[in-house]
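What follows is a short report on a single structure.
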Ligand SMILES: [Zn+2]
């Protein structure tokens, strides 16, 4: 038995855990605005200028960009969360505006040109809302998959050259949360495109296939600072997500945020390495102790360049961060496994 456990420890470093290939975990710092946008379907309000514009929608069932894109912005104030969406549409001249303002409980909205918003206000990956609207501003709303729930959302849409836009105000009273700085909200924007023979379902967050996938929604953080997001790394990865964290903000802000996230990840790794080192010191088998020492040294060597950047307070660019974050997540999974094995080893040697 001892030999088997020792082999498990030696192999832990070679086990492929694929953190690097896991889909990204999305984070959008949501700005508070003094004057809310007017909900008229025109995205020309000064309020929108404060917010980062997000695009890069992928197919609902694979991580590949769709040919017809969607872009959005999100802001908030004390009353509501505001989402402004622009849908690129090469066939926009075929779109016929219909009568707006109806509420739909049977899902007919999804047969047309529609945007679906998913909101998990408590970020518990279960109590989420679905609020959708088509290009006529007909609303569909549900709590999870229960369409009996009604929101007090206000929506307006507009067809214009090259596409159509949607502007929506989602009052906080619908979601039973207070819009305080630092609040993390699970969030996704999806699109149903039915105008072309090849129907297209696209999404911002890398969901598995079904839009109703709160584990894989992206995240809004209200009035976030880089330090705040740095402390929330584990919150965004709740549920076992290992992919790199991607922050949607101006370059300066995201660079500093990645630095804060890296500092936090290094702290976690260092704590795990210390635990592994104390297990190494208690280890009775010289061969296993030597393997652990080698593992610890290799981990420190791998993180050394990241530690240099963090100590020097250097911001990360997006590509550097994705690499560093993937490496650290992979290492974290491996080291946690090594700690688990070493503990098991210590337990068995005491029997
Ligand atoms: Zn989440």
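Dimensions of the stretch 53-131 along the principal axes, based on C-alpha atoms and rounded to the nearest Å, stand at 39, 34, 26, largest first.
With neighbour counts taken as other beta-carbon atoms within 10 Å, the residues 212, 60, 123 rank, fewest first, as 212, 60, 123.
Across the stretch 289-346, counting alpha-carbon atoms alone, Rg and Dmax equal 13.7, 42 Å. So in the chain, what percent of DSSP beta bridges are antiparallel if you round to the nearest 5? Around 85 percent antiparallel, to the nearest 5. Which whole-number percent of Cα pairs in the stretch 188-330 have a distance greater than 28 Å? Result for the distance tail: 36 percent. Note on residue 50 and residue 234: with the Förster distance fixed at 30 Å, the Cβ-Cβ geometry gives a FRET efficiency of about 0.60.
Distance from the Cα centroid of the stretch 116-144 to that of the stretch 46-98 is 15 Å (rounded to whole angstrom). With contacts taken as Cα pairs under 8 Å and at least 6 residues apart, the chain reaches a relative contact order of 23 percent. Between residue 99 and residue 347, residue separation times 0.36 nm minus the direct Cα-Cα distance comes to 82.2 nm. The stretch 177-230 and the stretch 242-321 have Cα centres lying 28 Å from one another. Against the chain, whose longest principal axis is taken from its Cα atoms, helix 286-311 shows a tilt of about 40°.
Out of every Cα-Cα pair that the stretch 35-174 contains, those further apart than 24 angstrom amount to 29 percent. Which angle between 0 and 90 degrees, to the nearest 10, do you get for helix 318-349 versus the longest principal axis of the chain when only C-alpha atoms count? Approximately 50 degrees, to the nearest ten. Over the chain, the Kirkwood radius and the radius of gyration, each from Cα atoms, give a ratio Rg/Rh of 1.07. Computed from Cα positions, the angle between helix 2-12 and the longest principal axis of the chain comes to roughly 50 degrees.
Throughout, read-outs are computed from the coordinates displayed, never taken from laboratory work. Small disclaimer: the values here were computed from a predicted structure and weren't measured. Positions of Cβ are generated from backbone atoms using ideal geometry, with glycine treated the same way; all protein chains shown enter the neighbour counts.
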